[in-house]
Structure formats: structure tokens, C-alpha cells
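Below you'll find the structure, written out as C-alpha cells, and then a few comments.
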Amino acid sequence: MRRWVPSVSDVRARLLKSAGWLLARQLVMMVNSLVLGVLIARHLGPGDFGVLSYAVSLVVIAMPLTTLGLRNLSLREYASRPDDTPRILGTITAMRLAGTLVAIAAIYGTVTLFPIDHDRIAVLCLILAGALLFQTIDTIKEQFIAEQNPRPFVIVNVCVLLVFSVVRIALILTDMPVDAFILAQAGETVAQGVFAGVAYSRFSGRPPRLQVDFRLMRTYARHALPLMLGSISAVIYLKIDILFLASMVGTETTGLYAVAARLSEAWYLLPASLAMAAFPRMLQVRTQSPARYEQRMQDAMDLFAAFGTAVAVSSIFWARPLIDLLFGAEYIGAVPLLQIYVWVGIVFATRELIHKSLLVEERYWGSAIINLTGAGTNVVLNLLLIPPYGAIGAAIATVLSYTLAPLLLAPLVPAIRPIAMMQLRAIFWPRRIPGLIRRGFRG
């Protein structure tokens with residue numbers, strides 16, 4: 001009997017359905033983050049909102065230690081070896097548990113050595129970090145994404161998100177301090193991990209089966225090192241400026257900067273979701289036709305860059321009225337920060353595709369080198385620009401570091417050169433519009 005092979009239309013339909021669920025989740029997350037961010041920022045004021053942003057940013061920077069860069073690798077493994085799920089799941093879960101314990105120690109050590117002006121900040125950050133232990137099992141989400149069936153986990157994520165949104169609104173109405181919001185964040189992290197396991201059990205009809213394979217662990221560890229370094233560097237891009245500002249300038253300025261960053265980063269969820277949903281299809285297209293794969297990559301980069309440019313240019317008109325409307329007069333100081341920071345989006349969107357492309361080609365160190373170079377540049381520029389220019393300097397440092405890293409490396413690292421040239425062409429996307437229209441969108 002011939003094995004049934006899905007047609008192109010079937011593959012495309014599954015991809016679109018998977019992308020639709022992931023985009024729906026990200027849309028809910030984006031709207032929820034913006035609405036609650038506004039309410040919480042207005043309730044706490046710039047000072048306490050800066051404290052909350054510091055605690056969350058510290059945990060976000062340590063998050064790559066909890067995933068060890070294995071998230072994208074697990075997507076590839078589940079897609080290419082679907083019959084080996086228990087071994088993949090068990091091995092990655094064990095590795096992530098060890099990484100999470102290291103992350104907790106690192107967070108507590110950092111907040112103890114470099115505290116900010118807030119009582120109990122070390123204990124609060126430790127509780128927030130400890131909640132990450134419950135997320136070690138969430139690699140099962142990647143299995144369903146690889147199978148292009150993320151629906152069960154999207155539903156669970158959204159339900160938990162909405163429950164804790166109600167909790168946060170109750171905290172606002174009862175005039176609770178910033179400590180309560182940090183504890184609510186920890187509670188949501190625990191709930192997301194627990195109910196991810198429940199969703200897997202309900203959908204599969206049994207609890208997750210875990211088989212730890214130490215030989216496979218060594219293989220993953222070898223591949224995970226560059227991926228983890230790249231992931232750490234990526235979050236340094238987005239969050240190290242918050243930590244620098246909190247310790248060098250103060251929590252009030254940090255609160256203004258956090259508002260600008262939150263509004264800028266809201267739309268980043270769109271390219272990230274599209275890139276993740278398309279990843280299994282990228283593997284297939286590259287195997288079938290490398291030339292077609294490169295063309296589709298270039299088209300996607302052009303579109304992402306075009307959208308990012310539109311958002312950045314239009315901020316001249318919408319930044320001030322939006323911040324005044326949403327956050328109030330005490331946050332008007334965030335307007336120039338937003339108008340600078342939003343330009344990061346052009347490069348960020350294309351970078352999502354760069355890292356997925358390098359992963360498809362198994363060039364793990366290429367992705368890590370880009371992120372490490374950019375993160376190092378960002379740290380140096382922050383240290384140079386924050387003392388004289390404050391939050392403006394931090395925003396400029398982030399934009400410059402994102403833009404320069406792949407372009408500076410392209411002449412030096414041959415493996416990065418082709419994809420960096422794609423990004424450079426995407427930045428000059430207007431001249432490529434006629435060709436894109438002629439080709440249209442083919443899967």
C-alpha cells in the first residue's frame with residue numbers, strides 16, 4: 001500500500017492553521033500586555049513601575065539558562081524524528097531543569113550584589129525565579145508546534161493569561177503595592193507550566209512520557225551551547241538597558257524607558273510568531289529546492305522590514321498622543337525614547353528569520369556569533385552613552401547594536417555573509433517591491 005503523502009495545498013493549509021493559532025495567541029498576549037501595562041503603569045507610577053520592570057527584566061535575562069537554547073533545536077528534533085518523542089522530551093526536560101537551578105542562583109546573586117532601592121527586592125526576585133522550575137516541562141509545546149497543531153496549548157496559555165489578568169485588575173482596584181504584582185507574575189508562571197502538563201495529558205490521553213538519554217544529552221549539549229549563548233545575548237539586547245538604567249539613573253527614569261520599550265516591542269510578537277510557525281515548512285522547502293527557499297526567505301525579510309519601517313516612521317505622528325492617552329502626563333518623558341527605540345523593529349523582524357535560517361542550515365555558531373557581537377556592542381554602548389545622555393543614550397545604544405552586528409560580521413565570517421546580505425537588501429526593501437509583487441506569495 002502506498003503511503004499517503006500530503007499535497008502542497010494540504011501542507012499549506014496546515015501551516016496557515018498552525019500560524020493562525022500562534023498568531024491568535026500572540027495577538028491576545030499583545031493586547032493583554034498593552035492594556036494591563038497601561039493600567040499597572042498608571043497605578044504604580046514611574047518609580048514603582050521601574051521596580052517591577054527591573055525584577056521582570058532580571059528574570060528574562062536569565063531565561064535562556066532555563067531553556068539552554070533548546071527551544072528551536074527541539075522544534076527541529078520533533079519535526080524530523082516524531083517517533084522518538086519520549087526520549088527527546090525527557091532528555092531536554094532534564095537539561096532544562098539543571099539550567100533553571102543555575103538561573104535561580106544567578107538571579108539571586110545578581111540582585112544581592114547589585115540591589116536597587118526597594119525593600120525585599122532580593123526575596124521577590126528569588127520567588128519570581130523559583131517559579132521558572134514549573135516551566136521546565138513546557139518543551140512539550142514545541143512538539144505540537146512541530147506537528148503544526150498548537151491549538152491545545154494556545155487555549156491553555158490564553159485561559160491562564162486571562163485569569164491572571166483578572167487577578168492583576170483586582171490588585172489595581174484594591175490599591176496593592178508593587179510587591180503584589182511581582183508575586184502575581186510568579187503565580188502566572190507556575191500556572192502556565194502546570195496546565196501545560198495537564199493539556200498534554202488531556203490531549204494525548206496519558207501523562208508525558210520522559211526517557212532521559214545521556215548520549216543524546218551530550219549531543220544536545222554540544223549543539224545547545226551556541227544556541228544558549230545566542231539566546232542570552234538576544235535578551236541582553238532587549239533587557240540589559242533596563243538593569244543599567246535602574247542601577248545608574250534610578251527607577252523613575254527606568255519606568256519611563258520601560259513604557260517606551262513595551263510599546264515598541266508589542267509588535268515584535270508578530271514576526272516572531274510567523275517565523276516560528278513557518279519553521280517546519282522552511283525545513284521542507286530547503287530540502288526540496290534551495291533556490292526557492294532562498295527566494296522565499298528574501299521575500300519574507302523584505303515584508304518584515306517594510307512593516308517595521310512603516311511603524312517607525314509613523315511614530316512621529318502617534319507616539320506623543322498615544323502615550324498621553326494611555327499613560328498620562330507623568331509619562332510624556334517617554335515620547336522621545338519611543339521614537340528612537342521603535343527603529344529597532346526593522347532589524348529585529350529580519351533577525352528572527354536570520355536565526356531560523358541559520359538553525360535550518362545547522363550553523364549554530366553563526367547565530368550565536370551575531371547575538372554575542374550585538375550584545376557586547378550593546379553593553380559597551382550603554383556604558384558609554386547612559387552616563388551623559390541617560391535613557392536617550394540607552395535607546396540609541398540598542399538601535400545601533402541591533403543594526404551593526406550582522407553587517408560588521410559579514411565580511412569576517414563567511415557562513416554569515418549570505419544571510420547578512422539578505423538582511424541588507426531587506427533594509428532597502430522599496431526598490432524590491434516590483435519583483436515581490438510579480439512573484440506573489442507561493443508556499
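The values are calculated or read from the model by the stated rules, or taken from the named source; none is laboratory data. Bear in mind the structure is a predicted one, so any value in this text is a computation, not a measurement. Every residue, glycine as well, gets a Cβ built from its backbone with ideal geometry; the counts of neighbours run over all protein chains shown. Side chains are part of the model used for accessible areas, which takes the heavy atoms of the whole protein and leaves out ligands, DNA and RNA. Shrake-Rupley method; radii C 1.70, N 1.55, O 1.52, S 1.80 Å.
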* **Residue among L183, L210 that is touching a Gly at 6+ places or on another chain (Cβ under 8 Å) and touching a residue at least 40 places away in the same chain (Cβ under 8 Å)** => L210
* Asked: Among (1) at pLDDT 80 or above; (2) more than 28 Å from V38 (Cα to Cα), which single condition is M297 missing?
  -> (1)
* Being outside any helix (DSSP H, G or I) and at pLDDT 75 or above is the filter here, so list the residues in the stretch 346-393 that pass it. => G390
* Taking R262, is it within 24 Å of N382 (Cβ to Cβ), at pLDDT 75 or above, part of a helix (DSSP H, G or I) and open to solvent by 10 Å² or more (accessible area, probe 1.4 Å)? -> yes
* Does the stretch 230-243 hold any residues that are modelled with pLDDT of 75 or more and of a type outside the set (S, T, Y), and which are they? -> I232, V235, I236, K239, I240, D241, I242, L243
* **Members of the stretch 97-109 that are open to solvent by 10 Å² or more (accessible area, probe 1.4 Å) and either over 22 Å from the mean Cα position of the chain (by Cα) or closer than 17 Å to A196 by Cβ (or both)** => L97, A105, Y108, G109
* **Which listed residue, of L128, L39, L44, L52, is modelled with pLDDT of 90 or more, in a helix (DSSP H, G or I) and open to solvent by 50 Å² or more (accessible area, probe 1.4 Å)** => L39
* **Close pairs (9 angstrom Cβ cut-off, 6 or more residues apart or separate chains): over 26 Å from P177 (Cα atoms) and modelled with pLDDT of 85 or more in the stretch 100-118, among the polar types (S, T, N, Q) and not in a helix (DSSP H, G or I) anywhere** => T100/T136
* To do: Go through the stretch 310-319 and give me each residue that's among the hydroxyl-bearing types (S, T, Y) and open to solvent by less than 30 Å² (accessible area, probe 1.4 Å).
  => S315
* Determine if the stretch 187-199 includes at least one residue that is closer than 30 Å to Y78 by Cα and touching a Cys at 6+ places or on another chain (Cβ under 9 Å). => yes
* Hey, could you check the stretch 320-339 for residues that are buried (at least 21 other Cβ atoms within 10 Å of the Cβ) and in a helix (DSSP H, G or I) and say which is nearest to the chain's Cα centre (by Cα)? => L338
* To do: Exactly one condition in (1) of a type in the set (A, V, I, L, M, F, W, C); (2) under 22 Å from D175 (Cβ atoms); (3) free of Cβ contacts under 8 Å to residues at least 12 places away in the same chain is not met by V31; state its number.
  => (2)
* **Filter pass, S357 being of a type in the set (S, T, Y), open to solvent by less than 60 Å² (accessible area, probe 1.4 Å), out of contact with any strand residue (DSSP E or B) (no Cβ under 6 Å at 6 or more places or on another chain) and over 27 Å from I40 (Cβ atoms)** => yes
* If you scan the stretch 220-257, which residues turn out to be closer than 24 Å to L400 by Cβ, among the aromatic types (F, W, Y) and open to solvent by less than 20 Å² (accessible area, probe 1.4 Å)? -> Y237, Y257
* To do: With respect to V380, determine if the residue is of a type in the set (V, I, T) and under 30 Å from I40 (Cα atoms).
  => no
